[in-house]
Amino acid sequence: EENNNDASKSIIINYEEPYKHLLSIEHLIRDQYSYLQTKAYYQLHLRQFDKAKETYLQLFHVYGSTEDYNVHSGFMCCLLELDSNMIRSFYTLLKHDKKSNKSGSGSGNGSSSGGVKGARTLATIISLSTEQKNTLLNGYTTLIEAFPKSPTIQRIPLTLLDYQSDQWKAKIQSYIQKQLKRGVPSLGSDLASLFLVEKPLTSSTGIDIGLGFGTGFDSYYTIASDPCDVEAHPIYQCISNLVDEYIDSLEQTSKFPTDDNDNENDNENDSDDVEEPPSTLLWTWYLRAVLYELEGKYSNAIENTKKCLEQTPTAVDVYELQGRLYDLAGDINMAVSSTDEGRKLDKQDRYINNQTVKYLLRAGREKEALETIALFTRHESDPEQNIFDMQCYWYEMELGNCLRKKGDLGKALKKYTAI
């Protein structure tokens, strides 16, 4: 077990003994997935990179961990043959990044600016040299061929290639078009993970890392959350222009625009003459709304959601997005109206029901909020008591805030105390 106290940072950690012990009890371990992950971790620190690579490939091929970004991070450390100090420093940064996302260090308002949770790897945490990126690209060539349907393996090269290269542009177009055709609502959050901002690694960052480890790097990447940083980011500008082209082409011809320089001969994109269904345009408008949201242009984003609903009035995901945008823009009553309209379309959807409750409480309509959340509580008991017993702290917090704003400090304090 690693100790991160200042007094122990100079101590050399013994990985050999726990590794031998792990191998000796292999026959007793039922969770082989966790066993292999731990085994690979020790092999990395012991610089047994060939064995570590075999272990990670076993995780990919046998246990289907192609969508696990933690496994990919270890595989990258293996390909680059990083030393133990660098590996420990990277995992410390990764742990800090996860804590930051959990505490809502991004937008804190439910927007998409935090990127996809857990989609961080070595390449999106620390700055890699061109040579290191090429090494990783070569290592992923066989994985791309072996797992052509894995979204994660197809996505990782986007974090390694130069965004100005024709290869990156071809891959990003292929990736976005596939997701738009499938109708993936989280595509905007996914792409937001590519908007990386480099920050210096100093004591002022609050990250206790690098002191005595000899990390070899003095900066790290975070996902841009400030609208100004997002708007100025070159990858954001590239993707925004691309989506605008898609919208223009789909509105006029129901087809994606032809790219003469596209060298990505993907089976799904071989024919530019295939007309797309109306749903493709719907999700392209939806994606543009999310991109506007990241940029802080809420009115433009709302206009795109209105286009979506004019075309498809039953798109529940669009109502949820529109409600969030109205909330961010400061019109909480419209946020309630939009999410409640979507809730009525799918009364089995707990998520949009909860979003409606949140906005009702923020609008000061606690009685309606209780009636709405009661739809998902036990009917034979008191809804508020059931919510308390289920430890639904977000409702207690929002209700406390609602009562505080109304000046009912006693009841608000009771709710805060209950949490």
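The values are calculated or read from the model by the stated rules, or taken from the named source; none is laboratory data. All values reported here derive from a predicted model rather than from experimental measurement. Please note: Cβ atoms are built from the backbone with ideal geometry, for glycine as well, and neighbour counts cover all protein chains shown. These area figures cover heavy atoms from the full protein model, side chains too; ligands, DNA and RNA do not enter into them. Shrake-Rupley method; radii C 1.70, N 1.55, O 1.52, S 1.80 Å.
Listed residues R365, R350; which is more than 30 Å from the chain's Cα centre (by Cα) and closer than 27 Å to D331 by Cβ?
Step by step, each of R365, R350 is checked, and only R365 is more than 30 Å from the chain's Cα centre (by Cα) and closer than 27 Å to D331 by Cβ.
Just the residues that are more than 25 Å from A315 (Cα to Cα), crowded, with 16+ Cβ neighbours inside 10 Å and not basic (K, R), please, taken from the stretch 365-383.
Scanning the stretch 365-383 gives E366, L370, T377, P383.
What's the total number of residues in the stretch 273-303 that are in a helix (DSSP H, G or I) and either over 21 Å from R343 (Cβ atoms) or of a type in the set (F, W, Y) (or both)?
Looking only at that region, the number is 18.
State all residues of the stretch 124-157 that are among the aliphatic types (A, V, I, L, M), in a helix (DSSP H, G or I) and surrounded by 18 or more Cβ atoms within 10 Å (Cβ to Cβ); if no residue qualifies, say none.
Listed by number, the residues that qualify are L136, L143, I153, I156.
What's the total number of residues in the stretch 350-364 that are surrounded by fewer than 18 Cβ atoms within 10 Å (Cβ to Cβ) and under 21 Å from K306 (Cβ atoms)?
Adding up the residues that qualify gives 0.
Which one is nearest to K149 (Cα to Cα), of the residues in the stretch 38-66 that are part of a helix (DSSP H, G or I) and open to solvent by 80 Å² or more (accessible area, probe 1.4 Å)?
H61
Being closer than 14 Å to A119 by Cβ and not basic (K, R) is the filter here, so list the residues in the stretch 140-156 that pass it.
Hits for the stretch 140-156 are S150, P151, T152, I153, Q154, I156.
Test Y69 against the stated conditions and say whether it is closer than 27 Å to E131 by Cβ, modelled with pLDDT under 95, surrounded by 13 or more Cβ atoms within 10 Å (Cβ to Cβ) and of a type in the set (F, W, Y).
In short, yes.
Among the candidates Y393, Y351, Y359, Y416, which residue alone is within 25 Å of T280 (Cα to Cα) and not polar (S, T, N, Q)?
Going through Y393, Y351, Y359, Y416 in turn, just one is within 25 Å of T280 (Cα to Cα) and not polar (S, T, N, Q): Y351.
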